[in-house]
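The values are calculated or read from the model by the stated rules, or taken from the named source; none is laboratory data. Just so it is clear, the structure is predicted and the values come from calculations on it, not from any experiment. Neighbour counts are summed over all protein chains in view; Cβ atoms, including those assigned to glycine, are modelled from backbone coordinates with ideal geometry. For the accessible areas, the whole protein counts, side chains as well, though only heavy atoms, and no ligand, DNA or RNA atoms are used. Shrake-Rupley method; radii C 1.70, N 1.55, O 1.52, S 1.80 Å.
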Amino acid sequence: MVSGSGDDEARQILEDLAAKAGISLSGAKIRRSSSRFCLGVEHGDYNGTELFGVGTDRFIWMAFRPNDTGRLRLFSGNFEGDGLIDVSLEDIPEPGTDKESWSRFPLGVAWQLKRSGYKLTMGMDAVLYGNIPGGGMSRSASLTLNLLISLAEVNGIEFPSEMGIVDLAQAVENDYIGSPCGNLDQIMILFAREGMGTHYNPADRSIRHVPLGPGAPDFRIMSLDTGTIRPGLEKSTYRIRHAECAEMVDLCAETFGIKTLGDVRSEELFNAILEKYGSSHPHLCKRLDYIFHAQQRFARMLEAWRQGDVTTVGSIFRADGFGLRDDYQISGKELETMCDIVRTVSGVLGERMLGGGDKGASGALVLSASEEAVRSAVETAYPRSHPEYAGSFAVHSCRMVDGIKLLPGWE
Ligand code: GLA
């Protein structure tokens, strides 16, 4: 990106795409949706833990305007080969009938809105472009939220609450796309505010914005894209971990009275569960081990953030990474290569795999003065370890930004 956010370049790209697709931008607006970076508890959303994260400046930009033909007409600069998606709102296919194209997202959004009883009378013309790396920074949630909020807007739909938007967007992915994702990504994008972290408490579904404390050193959130392609969560280890956690809850529910692994908060309860199931179900105990300790670290991480103590936030991020690698066993070899490389660079405060797991991107918290050293370490070492990805890995240095933003459009 040449200038700060990339908005100017994106605007030009959208104009070029519109010309290519034969879509008019007259009266169109641009909605920009961010990526996200989770600081904890990764994999905690479907385990009932509190969550914390920030919006990051890799985005999807969508220029959109209503049409009165009752059709969705969309063209994506990231999937030009898929051509113009052109479907009547009357004719949205049922889940599973559509091929593997990105069009599942707009179709799923329309399907979910209709299923929830909203009337779609206006169609939408749109062109999109994004620069969010795949696997770890929530590209799919960003796309879903952008489409959902925009299609609702052109139809004059007002949602009863922001948490309702989170639930609808998650339902698009769960019920239409077939991804077993939780709600972390949607929450961290929808509520993201520049310079702040978003703290979600599942007990009352509350959101608190937590500013980074004063005196924090200048630091960067870096995404280390391994260049690997992660298949959907439904086809990855994610689904297996999801099922294992549910199995562990089932085992413990009656004797220990828990409803999620996040309910295991005391050392005493944790030890009692290990005592009972440690030898019969060692792998399930390992999953619990990660969730339990990550949850214990979470409160310290949040306090450190409030204090501007990024060094402690980074060291907890690192400790979570070891838990995700060794106990939750959701990382992947390329993700760990990235972590091993950047861990050797001074000024790297913490590093770990990001998001769903197996493939995609790792992340690091880095003092700004060390950003170039991180780039150079990765550029030298990563292709030596994984020459097959020499042409596709990338290093992104991100800032904290607002999650959803409307930008000026065209007259
Ligand atoms: C993916 C899912 C989220 C969450 C993370 C792991 O991004 O979409 O719901 O479970 O993995 O924290």
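Below, the figures for the structure above:
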quantity: N67 long-range amide H proximity, modeled H, under 5 Å; calculated: G123, M124, D125
quantity: Estimated vicinal HN-Hα couplings, Hz - region 247-263 in sequence order (Karplus 6.51, -1.76, 1.60; Gly, Pro = x); calculated: 5, 5, 5, 4, 4, 8, 3, 5, 5, 10, x, 9, 10, 9, 5, x, 6
quantity: T228 - accessible surface, heavy atoms, 1.4 Å probe, Å² rounded to 10; calculated: 10
quantity: Loop sites in region 240-313: chymotrypsin sites (Phe, Trp or Tyr not before Pro), DSSP, at most 12 other Cβ within 10 Å; calculated: none
quantity: With all protein chains modelled, accessible area of I13 [1.4 Å, Å²]; calculated: 60
quantity: Charge dipole (the chain, unit charges on Cβ, about Cα centre) - positive-most of M301, A19, G81; calculated: M301
quantity: Region 54-118 versus region 299-356: alpha-carbon centroid distance in Å; calculated: 35
quantity: Accessible area of the chain divided out per residue, in Å², using a probe of 1.4 angstrom; calculated: 39
quantity: Stretchable slack from D16 to E80, in nm (0.36 nm times residue separation minus alpha-carbon distance); calculated: 21.8 nm
quantity: Two-site label geometry, S392 and D250: point separation in nm, points 7 Å out along Cα→Cβ; calculated: 3.6
quantity: E267-L406 FRET efficiency (beta carbon distance; Förster radius 45 Å; 0.05 resolution); calculated: 0.40
quantity: Fraction of accessible area attributable to carbon and sulfur, the chain (%, probe 1.4 Å); calculated: 49
quantity: E94 paired with K119, simple spin-label distance in nm, labels 7 Å along Cα-to-beta-carbon; calculated: 2.6
quantity: Alpha carbon centroid spacing (whole Å) that separates region 148-203 from region 210-230; calculated: 22
quantity: Structure-based [θ]222 nm, the chain - -39500 (n - 2.57) summed over DSSP H runs of at least 4, per residue, nearest 500; calculated: -12500 deg cm²/dmol
quantity: Region 113-221: trypsin sites (Lys or Arg not before Pro) falling in loop per DSSP and having at most 14 other Cβ within 10 Å; calculated: K119, R205
quantity: Restraint check, K235/K286; K276/K359; K119/K235; K29/K114; K259/K333; K20/K235, Cα-Cα greater than 26 Å; calculated: K276/K359; K119/K235; K259/K333; K20/K235
